[in-house]
Structures are given as structure tokens and as C-alpha cells.
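Enquirer: To start, I am sharing the structure in question, which I have written as C-alpha cells.
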Amino acid sequence: MRSASEIILVRVSSEVSRDIRKRFYERIAHAPLVDLERIGSAKLIGSINIDVPRIVSGGTVLPALLISSITLLGMLSFLMYLNVEVFKLVIMAIFIGAICYQIPMMIGGRIFHRSREAHDELQHSIRGLIYGIKELKLDVKKRAAYFDKNLHAQELKILKHDKLANTVVRTTMSFGDLICFFVIGAVSFVFINYHAISKQELVGVIMALLYVTGPVAIMLATVPTVTIASISYKKLNQLLQSIPSERCNSELVDLPPWETLKFSNIEYQYPSYNDEPGFKVGPLNFEICKRQVSFIIGGNGSGKSTMSKLLTMHYTATAGKLLFGKTLVTSENIVSCRSLVGAIYSDYHLFDEFLIDLSDELRLKAEKYLEMLQLSHKVKIQDGRFTTIDLSDGQKKRLALLVSLLEDKEFYLFDEWAADQDPEFKDIFYKEILLNMKKSGKAVVVISHDSAYFDVADQI
């Protein structure tokens, strides 16, 4: 029976862990992009990898805590039956012990909380190590400084907090054990001098108190795990509360045919930070038409990336109107409008699998594009995924372009796609691919600094 209960507990905890992570994934997927950018990937990944396992670990000890609590209540009832005065003494000891126990446990909990906060900083530094490894490898002093000021310093902070918190908690647990034996000693050598109690009752009381030490020890042993789980639960809950859900209809609705995408007095204001007003873009007034290629140009910090996120409806304008043809983009149809868009951003992500149904016709198109983009000797398509994406930056972008073209959207945005391409592929992109997309009725927006190809644009 014990093995069966342990197996059931492990299986249930695995299911709970999966369900928590699934809800977290859904929350991220339905959150506004601006809020995800504000929170940062380090906190999100840290919460999934740290808080969820700790919460589940806390849940796995709850059955033992519950059983021990019931056992303790049963033995206290038995003590009251044996001798009311001994029962009162034990209750008084529990009350005093609980007060003395709670104070250091609160201190330990706060230290564990500081340790958890330090984990977020460490996750951010680990991300910097992974994505900045090329720069760090170039300069030994720079790498040493990064390790000392970030990774080692944060690891030391976590180690310091964990050591101190565990010392406080374990010392407090030992104090709890001492109280149990103190009560047994007090009953055996002091209590009997002031209260009448038979030998039979005394033996029963001592046996009951000795038996109680087991459940009490189990309860005390679970406290650190439950405390850490409680901190992680609060951390996860705070994070989830800071991630709002997009207030929009998640169902796809039919949209009427459109020819133009129109910005009418569109403005976007970033949230203020440290009492400083956020960056503002707009008002913007222009039209993007099907069967046209439009270029967006501008210097760094001019708002091109913000405009790209407004065009693809990841950012919701703080003022103005966005129209697909005569259809006003609202919370009721924004998901459907987004489904018309294909984009390759400057910080794009290349998935190693096709997330669309790859029919025989699409497979033939994909192989044709692989030949055109000179990737067929490196990449094959097997079982709906690429055989490799371990490619150069330029080759990855070409592969991302292939995927985007196969999706066959009505409106495309390319943010600096050709920035790291060889002249040969720039020619293919600007003079072949864009023109073919234009002929096939697509609306295309290109963010570019390639002035040599501005003649390709119908409007700039």
C-alpha cells in the first residue's frame, strides 16, 4: 500500500507540474508583447524552471504533513483521555514552542525570499553569458570582470542566503525536537511531584509522548520545503498577475477582402519609466497597398521597430485607427487580422519544424526555394522539419524567408532582412522575391538601409 501511495503521489505531482507549466505557457502566449518585453525572458524562464518544481515539491510533502497532523491530534486526544493535567501541559508547551518556532522561521523565510530574488538576477546573467560568449571570449579581462561582478557575485549571494536560511531553519527544527523531550522530562521528573498520577497512567503518557515525537519530527522536516514552496508560489503568482491577458477575441472571424492597410493618426506611447515619459511615435498617416512594395527608412532610434510592431499589431496604438480596407481593427478581429500577416523581424526566431501542414505541393515549393536560396546542399526537409538549423546568420535568415513564403500571407513585413546577406542574395531578395510577391498580389513592407535598391520601392 505504501509503494502504491508513493507511486500515485509521484504521478499526481507530475500531472500538477505539467498543468502549471501549461497554464504558464498559455498566459505567455496570450500576453501583450509590450508586457513580455518589460518583464524579460530571464524572469519568465526562471519562474518555469525554479518556481514550478519548488511548488510541486511542496505539494508532495503535504500528504505526510496531513497524516502527521492527524496522528498528532489523535495522540493529543489520547493524552487528554489519560490525564487532563498532562494534556494541558503539552498544549502549553506546543503554544510556547509555536511562538518561539515561528519567529526564526519568519526570518528564515525572508532570507529564502532574498535568495529567490537573486536567482532572477542570476538567470539574467546566465543569459548574458550564453548570448555574449563571443564578446567575452575576445577579452580575458572583460570575461573575468563579467564573472566576478555578475555570475560569481550572484552565486555567492545565493549561497550566502541559502546557507543562512538553512542554518536558521535547521536550528529551529532542532529546537522543536528539544521541546518534545523537554516535555517528556518535565512529566517524568517534575510533574509527578505535584500531581497525583498512577504508574499505569504515567507509562501510558510517556509512551504517547514518545510516539508523538515521530509525527512532530516529520512535520518539522517538511517546514523548509513548504516554506520554499510558499515563497515560489507567491513569486509565481506575482509574476502571473503582472502579465495581463490581451482583451481580444481569440477566435478567428471572417474578414472582407481588402486592398489597403491604412494608418490614420496612429500614435504609440511607451509606458513611463522612473517618472520619465516614454518614447512616443506618431501621429502616423499612410497607406500600404497590395501589389506594392513599401520601404521604411530612418536612423537608429527613429521608431522603425515600433512601427513594425504596430503594422503587425503586436503593439496596440494608444491613439488613431488602423484599417484593413474598410475594416477597423478592433479587439474583436485583431487575431484574425494578425493571421493575414507574415513577418521576419530583426530579432526573429527560426523554428526547426514547420508549424503548418506541409502538403506535397508545399514540399515541392520548399525544395524550389532551397535551391534558389542555395541551401539545398546544407538543409533537407524530413518529417515536417529541417534536418538542421545549425547555419550561419545569413543562411538562417534565408531559411526563415523560405518558411515565411510558404505560409502565403497577404501582408509581409521584412525588418532589415538583407542586412547580413551577400550581394548575390540581396539581388535575389530585392529584384526577384519582392517583385514576385508584388505580382502575386501581396502587400510588402521592407525596413531597409540599402539605398542601392530604393528604386524597387513603390513608396518610401
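Enquirer: Please identify the pairs in which a residue from segment 147-169 that is farther than 14 Å from GLU121 by Cβ has its Cβ atom under 8 Å from the Cβ atom of a residue that is in a helix (DSSP H, G or I) and polar (S, T, N, Q), counting only partners at least 6 apart or on another chain.
Expert: Every condition considered, the pairs that remain are ASP162/SER115; ALA165/SER115; VAL169/THR227.
Enquirer: As an exercise: evaluate ARG110 against (1) of a type in the set (Lys, Arg); (2) crowded, with 17+ Cβ neighbours inside 10 Å; (3) farther than 29 Å from GLU37 by Cβ and give the number of the one condition it does not meet.
Expert: Only one criterion is unmet by ARG110, namely (2).
Enquirer: All but one of (1) over 33 Å from the mean Cα position of the chain (by Cα); (2) modelled with pLDDT of 80 or more; (3) assigned by TED's automatic domain parsing to the domain that holds LEU65 hold for VAL216; which doesn't?
Expert: The number of the failed condition is (2).
Enquirer: Take segment 397-415 and flag every residue that is more than 19 Å from PHE386 (Cβ to Cβ) and within 28 Å of the chain's Cα centre (by Cα).
Expert: Scanning segment 397-415 gives LEU413, PHE414, ASP415.
Enquirer: Turning to a different aspect of this structure: Restricting segment 149-169 to residues that are loosely packed, with under 14 Cβ neighbours inside 10 Å and charged (D, E, K, R), which is nearest to the chain's Cα centre (by Cα)?
Expert: By that ranking, first place goes to LYS149.
Enquirer: All but one of (1) touching a Phe, Trp or Tyr at 6+ places or on another chain (Cβ under 7 Å); (2) over 20 Å from GLN374 (Cβ atoms) hold for ALA418, so report the exception by its number.
Expert: Tallying (1) touching a Phe, Trp or Tyr at 6+ places or on another chain (Cβ under 7 Å); (2) over 20 Å from GLN374 (Cβ atoms), ALA418 fails exactly one: (2).
Enquirer: Just the residues that are modelled with pLDDT under 80, over 18 Å from THR330 (Cβ atoms) and either in contact with a strand residue (DSSP E or B) (Cβ under 8 Å, 6 or more places away or on another chain) or hydrophobic (A, V, I, L, M, F, W, C) (or both), please, taken from segment 219-263.
Expert: Selection gives MET219, LEU220, ALA221, VAL223.
Enquirer: What is the residue count in segment 356-387 for residues that are without any contact (Cβ under 8 Å) to a residue 12 or more places away in the chain and in contact with a Lys or Arg (Cβ under 7 Å, 6 or more places away or on another chain)?
Expert: Total satisfying the criteria: 1.
Enquirer: Confirm whether GLU85 is touching a His at 6+ places or on another chain (Cβ under 8 Å), more than 30 Å from THR312 (Cβ to Cβ) and of a type in the set (D, E, K, R).
Expert: yes
Enquirer: From the set of residues in segment 426-437 that are in contact with a strand residue (DSSP E or B) (Cβ under 9 Å, 6 or more places away or on another chain) and over 10 Å from TYR412 (Cβ atoms), which is surrounded by the fewest Cβ atoms within 10 Å (Cβ to Cβ)?
Expert: LEU435
Enquirer: So which residues in segment 437-451 are out of contact with any Lys or Arg (no Cβ under 7 Å at 6 or more places or on another chain) and under 15 Å from TRP417 (Cβ atoms)?
Expert: MET437, VAL445, VAL446, SER448, HIS449
Enquirer: Within segment 279-326, track down each residue that is over 21 Å from HIS30 (Cα atoms), among the β-branched types (Val, Ile, Thr) and surrounded by 17 or more Cβ atoms within 10 Å (Cβ to Cβ).
Expert: Residues satisfying the conditions are VAL281, ILE288, VAL293, ILE296.
Enquirer: If you don't mind, another one. How many residues are under 11 Å from the mean Cα position of the chain (by Cα) and part of a helix (DSSP H, G or I) when one looks only at segment 27-75?
Expert: Qualifying residue count, segment 27-75: 17.
Enquirer: Hey, another quick one. Could you tell me which of the residues LYS304, LYS309 is touching a residue at least 60 places away in the same chain (Cβ under 8 Å) and under 25 Å from the mean Cα position of the chain (by Cα)?
Expert: Sole residue among the options that is touching a residue at least 60 places away in the same chain (Cβ under 8 Å) and under 25 Å from the mean Cα position of the chain (by Cα): LYS309.
Enquirer: Please state which of the following conditions ARG338 fails to meet, knowing it meets all the rest: (1) over 29 Å from the mean Cα position of the chain (by Cα); (2) touching a residue at least 24 places away in the same chain (Cβ under 8 Å).
Expert: (1)
Enquirer: For segment 349-454, which fully contained helices (runs of 4 or more DSSP H) count at least 3 residues that are under 28 Å from ASN300 (Cβ atoms) and touching a helix residue (DSSP H, G or I) at 6+ places or on another chain (Cβ under 7 Å)?
Expert: Output list reads 393-407.
The values are calculated or read from the model by the stated rules, or taken from the named source; none is laboratory data. Remember, predicted model here, so these are calculated numbers, not experimental data. Every residue, glycine among them, receives a Cβ derived from its backbone with ideal geometry; neighbour counts consider all protein chains shown.
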